[in-house]
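Let me begin by presenting the structure, written as structure tokens, before commenting on it.
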Ligand code: ADP
Ligand code: MG
């Protein structure tokens, strides 16, 4: 089986702004890189450099204009995320891919714990098992127990962000895409998310992600991709810091 969970070749996405006379923006230009199974690839670059565009092309929120993004599952099947059919893509999202955006998309009138549990229920788990797993994740992420039965819309941005992370992790995706998932969290809660992610890495999950804070990225990443104006300007392997060896979590 390929050691690479992800093999991205010349992946491109351009935006045509019709309201601005057809102005073309190169969101992502010919991105090429590989991601080994069970490793974290960090995306860095200033705002507007193409980090979210790349992640959305991999999750197919955006349909790439060119190139390929071969995803090989742990069972050895390869899919091109850039061109696979919509139906297949929906199945992949259900079974193998996870995506954490900055903001939780709140489902009205569904409690916090059920919001987290529902992807597991959708995959066939019993409500009890799913709720137990949801509560475990929420407590790992320090979400106050008094909030589990309330509605996500009532939560703060940072609380919603942790619900969002829990909702993505509960299905144990093979490939997890993270778009600044801790941007609204204080240092302690960032540490809780990073610790959970590094456990999942150790268990074999592959991740590609942008983090607004460099220390989180350094703790997780074994490879760093730098983007500038939609171009990949460097792909470097990085020495993973032994995250919690010193016991401090700035
Ligand atoms: P980053 O996540 O690194 O801040 P983005 O990937 O969001 O950067 O944006 C890269 C470029 O693509 C920016 O110039 C942005 O304005 C543009 N862009 C991203 N998404 C869209 C879209 N849906 N429509 C038009 N332009 C977009
Ligand atoms: Mg972004």
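The values are calculated or read from the model by the stated rules, or taken from the named source; none is laboratory data. On a predicted model such as this, the values are computed, not experimentally measured, just so you know. Cβ coordinates were reconstructed from backbone atoms using ideal geometry, including for glycine residues, and neighbour counts include every protein chain displayed.
Hey, can you tell me all the residues within segment 39-51 that are crowded, with 22+ Cβ neighbours inside 10 Å and either within 9 Å of ligand 1 (Cβ to nearest atom) or assigned to a loop (DSSP other than H, G, I, E, B) (or both)?
39, 43, 49, 50, 51
Among residues that are in contact with a strand residue (DSSP E or B) (Cβ under 9 Å, 6 or more places away or on another chain), within 13 Å of ligand 1 (Cβ to nearest atom) and touching a residue at least 60 places away in the same chain (Cβ under 8 Å), residue 36 is not included. Within segment 121-136, the set of residues being touching a residue at least 40 places away in the same chain (Cβ under 8 Å) and part of a helix (DSSP H, G or I) comprises 130 only.
Those residues that are part of a helix (DSSP H, G or I), touching a strand residue (DSSP E or B) at 6+ places or on another chain (Cβ under 9 Å) and buried (at least 24 other Cβ atoms within 10 Å of the Cβ), I need them from segment 165-192; list them, please. Once the filter is applied, which keeps residues that are part of a helix (DSSP H, G or I), touching a strand residue (DSSP E or B) at 6+ places or on another chain (Cβ under 9 Å) and buried (at least 24 other Cβ atoms within 10 Å of the Cβ), segment 165-192 yields 165, 167, 169. Note on segment 60-120: enclosed strands (runs of 3 or more DSSP E) holding 2 or more residues that are more than 15 Å from the chain's Cα centre (by Cα), crowded, with 17+ Cβ neighbours inside 10 Å and within 16 Å of ligand 1 (Cβ to nearest atom) are 66-72.
Checking the structure you have, find out if any residue of segment 15-27 is part of a loop (DSSP other than H, G, I, E, B) and either within 15 Å of ligand 2 (Cβ to nearest atom) or surrounded by fewer than 20 Cβ atoms within 10 Å (Cβ to Cβ) (or both).
For segment 15-27, residues part of a loop (DSSP other than H, G, I, E, B) and either within 15 Å of ligand 2 (Cβ to nearest atom) or surrounded by fewer than 20 Cβ atoms within 10 Å (Cβ to Cβ) (or both): present.
Okay, residues lined up against (1) farther than 18 Å from residue 196 by Cα; (2) at pLDDT below 95; (3) within 16 Å of ligand 2 (Cβ to nearest atom):
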residue: 35; (1), (2), (3): yes, no, no
residue: 55; (1), (2), (3): yes, no, yes
residue: 66; (1), (2), (3): yes, no, no
residue: 82; (1), (2), (3): yes, no, no
residue: 110; (1), (2), (3): yes, no, no
residue: 117; (1), (2), (3): no, no, no
residue: 122; (1), (2), (3): yes, yes, no
residue: 140; (1), (2), (3): no, no, no
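Going through 139, 150, 146 one at a time, which residue ends up being without any contact (Cβ under 8 Å) to a residue 24 or more places away in the chain and in contact with a helix residue (DSSP H, G or I) (Cβ under 8 Å, 6 or more places away or on another chain)? Answer to the selection: 139.
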